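Beneath this line is the structure, given in structure tokens, with notes to follow.
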Amino acid sequence: MISIYDFIETLTTDSGFWNPLIWGVAIVIAFLIVYIIRGFGNKGYKKETEQTKVFLSGNPEYKEEKMHVKASNLYWGFTESLKWVYKVLDKMHTGNVSDYVLWFVIIMGTLFIILGVI
Amino acid sequence: MNLETIITHSPALIVAVPLLGAFLTPLVGKINDKLRNVFVILTVGLTTFFVFLLANDIFSSGNIRTYVFGGGTPITDGGFAIRILFEVDGLNAFMAIIASILALACVIYSWAFMKENTGLDKYYTLILLMVAGMFGMILTGDMFNFFVFLEITSISSCVLIAFWTNKGKAVDAGFKYIVISATGALFILFAIAILYSQYNALNMAFLANSIQYTFLDKIALVLLIAGLAMKAGIVPMHMWLPDAYGRAPSSVTLILVGATQVSLYGVLRMTFTLYGSQLTIPLKQIGDTSITMNGLLGITLIALALITILVGVLMALKQTDFKRLIAFAAVGEIGYIVLAIGAGLTAMGTSYGNMAFRGGIFHIINDALDVGLLFLVAGAIYYATKQTSLNQMGGLSRNMKYTTVFFLIGLLAVAGMPPMNGFASKLLIYQSTYQVNPIIAIVAILCSILLLAVFVKVFHSAFLGPKLPKFKDVKDVPKSMLLAMGIIACFIIFFGLFPEFVVNNLVKPAADAIINNTNYITTVIGGAVP
């Protein structure tokens, strides 16, 4: 028979534990602290006024839909610095089904050597 | 008919109900489309009921159930029937639960998602055939039967991937899938033939009891692992997966995720049940170190898993097509499961080895649910906007509030953020792999952070930002699609909030079935050597 205590048990590992309910309580406390700190903030903020407008170093503001950064522009620095990795990966992903089968044969051969010969 | 009779016949009914439903669907479709949809949902619902009934029995009693087709005779000297039989232990029940949740969500989601399409009689027939094939693969205790169900699943999957025939790329993906599936299945059949020629049997428990680990057995093991690993999408045999997942209708992709996990189950069943008794026997002695098969296979799997995680996550990061991005992330997630299995094998018999198995098994269900939910969200966006390119999206959270919430749940879960289910299973994986080698755990954690970055990118580009004029009339998706996403989201939250409950009641029996194959063997052949 399952009791209510079964649900709130802590997941224990060899060197730690995890209980989402305790985590939830900790998060609530953290939010309360943040809320209190927020209370000390500047109260001069006014919505829909000049102070909330976007400032692009004096350049004119783009239309709203043009301001959205597209997916292909995100993480540009990361992909650029790992260009050499992506070059290899792109070369691997040819889209040719014969290559897919070739990779299968290569892995099968490697497994043969590891498990069959040793 | 009492409950015990239903449970006794459940293994057969779980396959028979969707199989029969598949052949009746076109006939019901002749009457009315809505009636056909209701019929399909009821068929899968009934199957799910049988699955949960059987799983409850297996998990609460700890027993293994067998179901012999066609009576109990003739029997061998060892005392078991020479028939096709289904054998259900903790691992089978666990996998059946995953398949049933995904199947139910799929048919509910399809109601609205596929509404505008023609040929839906064929679509639902194939869905039910695929479901029957998956359950057959999960429940069977017979090698050839496993192959037959594998083929049923593969053929129906192929047609479903290519269902949108008006889109050339879908047909191309379907073709690639059938080539890959047929190649893998051919080698699996070859392995089965090798085992049959040696031991004159196809029963898994009998073979597990008889296997000697001869050179031919080694070849059979390699063929089985390679064939099933390709179906599971392990790098570098994963390349069919982004094509297939990316081009199939989202409802189909959801079940394809299940089919991939079932192939992974095949790897586990073959390695741990069929070859379980040979795993820890020393193969060679080099100095003071003895080389065992579990160590060798474990290290091989860890290497493959790390490559799988890295390639999956790095490729996901650069994708701009929503579904291809999730597909590569799914490849990375499969890597985590394989990593746990590899770590468990390497440290077999130790407490952290057992923890690795539990983490890996737990991650199978978490991965299926998290990735499945994200695919449904991708389908919902496609349904509402007809877009799959992230570059064309933006500001959708303003029009699709519920879908956004479901995406956030999927995002947090797949990236292993607390308090979602992915965190609990990844915690077990990190801690156990750290014991094997800290570098492995560090790589795994870093890749999980990258995975979070991948989906933050999706969240930013699709859901945040100003409302785009072209999407001003976009509305949230119909209720049936929201319901399907809601069902999966509920499971994700439940598994996340009560991880120890899930580990104790679902994961541990499945992991125990992996670690100890004796019960599986003795249930069928009574421990007697035939």
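For region B:479-518 and region B:349-395, write down the distance between their C-alpha centroids in whole Å. Each part reduced to its Cα centre gives a spacing of 14 Å.
Fewest neighbouring Cβ atoms within 10 Å first, the residues B:Thr5, B:Thr66, B:Thr403, A:Thr12 line up as B:Thr5, A:Thr12, B:Thr66, B:Thr403.
Take the Cβ atoms of A:Phe17 and B:Thr289, set R0 to 35 Å, and the FRET efficiency comes out at 0.50.
Note on region A:60-118: Cα convex hull, mean projected area over all directions, 7.3 nm². What separates the Cα centres of region B:209-268 and region A:1-71 is a distance of 40 Å.
Relative to the longest principal axis of chain A, what angle (0 to 90°, nearest 10) does the C-alpha long axis of helix A:20-39 take? In chain A, helix A:20-39 runs at an angle near 30 degrees to the longest axis.
When the convex hull of its Cα atoms is viewed from all sides, the protein assembly as shown shows a mean projected area of 32.5 nm².
With axes computed from alpha carbons, what is the tilt in degrees of helix A:97-111 against the longest principal axis of chain A, rounded to the nearest 10 within 0 to 90? Long axis of A:97-111 versus the principal axis of chain A: about 70 degrees.
Entry note, chain B: the mean residue ellipticity at 222 nm calculated from DSSP H runs of n ≥ 4, each adding -39500 (n - 2.57), is -24500 deg cm²/dmol after division by the residues and rounding to the nearest 500. Going from the fewest other Cβ atoms within 10 Å to the most, the residues B:Met348, B:Met95, B:Met481, B:Met204 appear in the order B:Met348, B:Met204, B:Met481, B:Met95. Between amide H atoms placed 1.01 Å from N, distances below 5 Å from B:Asp321 occur with B:Leu390, all of them 5 or more places distant or on a separate chain. Cross-link partners for B:Lys218 among the lysines, with Cα-Cα distance under 30 Å and sequence neighbours closer than 8 places in the same chain left out: B:Lys176, B:Lys231, B:Lys284, B:Lys508.
Kirkwood hydrodynamic radius, computed over distinct alpha-carbon pairs, for chain A: how many Å, to one decimal? Averaging 1/r across every pair of different Cα atoms and inverting gives 23.0 Å.
If one computes P(r) from the Cα atoms of region B:208-266, what percent of pairs lie at distances over 17 Å? Counting every Cα pair in region B:208-266, those more than 17 Å apart make up 49 percent. Here the contact order of region B:292-497, divided by its residue count and restricted to Cα pairs under 8 Å and six or more residues apart, works out to 26 percent. With a 10 Å cut-off around each Cβ of B:110-117, the average count of Cβ atoms from other chains is 0.
Ranked by how many other Cβ atoms sit within 10 Å of their own Cβ, fewest first, the residues B:Leu268, B:Leu396, B:Leu186, A:Leu56 fall in the order A:Leu56, B:Leu186, B:Leu268, B:Leu396. Over 26 Å apart at the Cα level, from the set A:Lys43/A:Lys66; A:Lys66/A:Lys91; A:Lys70/B:Lys426; B:Lys386/B:Lys479, are A:Lys43/A:Lys66; A:Lys66/A:Lys91; A:Lys70/B:Lys426. Solvent-free Debye calculation, one equal scatterer per alpha-carbon of region B:12-164: log10 I(q)/I(0) at 0.13, 0.16, 0.17, 0.21 Å⁻¹ equals -0.62, -0.87, -0.96, -1.30. Within straight-line reach of B:Lys472, meaning a Cα separation under 16 Å, sit the following aspartates and glutamates at least 8 residues removed in sequence or on another chain: A:Glu64, A:Glu65.
Annotation note: trypsin sites (Lys or Arg not before Pro) in region B:128-236 located in DSSP loop regions with a Cβ neighbour count of at most 14 within 10 Å are B:Lys167.
Stokes-Einstein diffusion of chain B at 37 °C, 0.692 mPa s viscosity, Kirkwood radius from Cα pairs, rounded to a whole number: 142 µm²/s.
Overall, the ratio between the Cα radius of gyration of region B:292-497 and 2.2 N^0.38 Å, rounded to two decimals, is 1.07. Applying a DSSP loop filter and a limit of 11 other Cβ atoms within 10 Å to the chymotrypsin sites (Phe, Trp or Tyr not before Pro) in region B:105-195 leaves nothing.
Any idea what % of Cα-Cα pairs in region B:303-349 are farther than 11 Å? It works out to 61 percent of all Cα pairs.
Computing FRET efficiency as 1/(1 + (r/R0)^6) for A:Thr94 and B:Ala193, where r is the C-beta to C-beta distance and R0 is 41 Å, gives about 0.80.
Each value in this text was obtained by applying a stated rule to the coordinates, not by laboratory testing. All figures in this text were calculated on a predicted structure; none of them were measured in a lab. Using ideal geometry, Cβ is built from the backbone for each residue, glycine included, and neighbour counts are taken over all protein chains shown.
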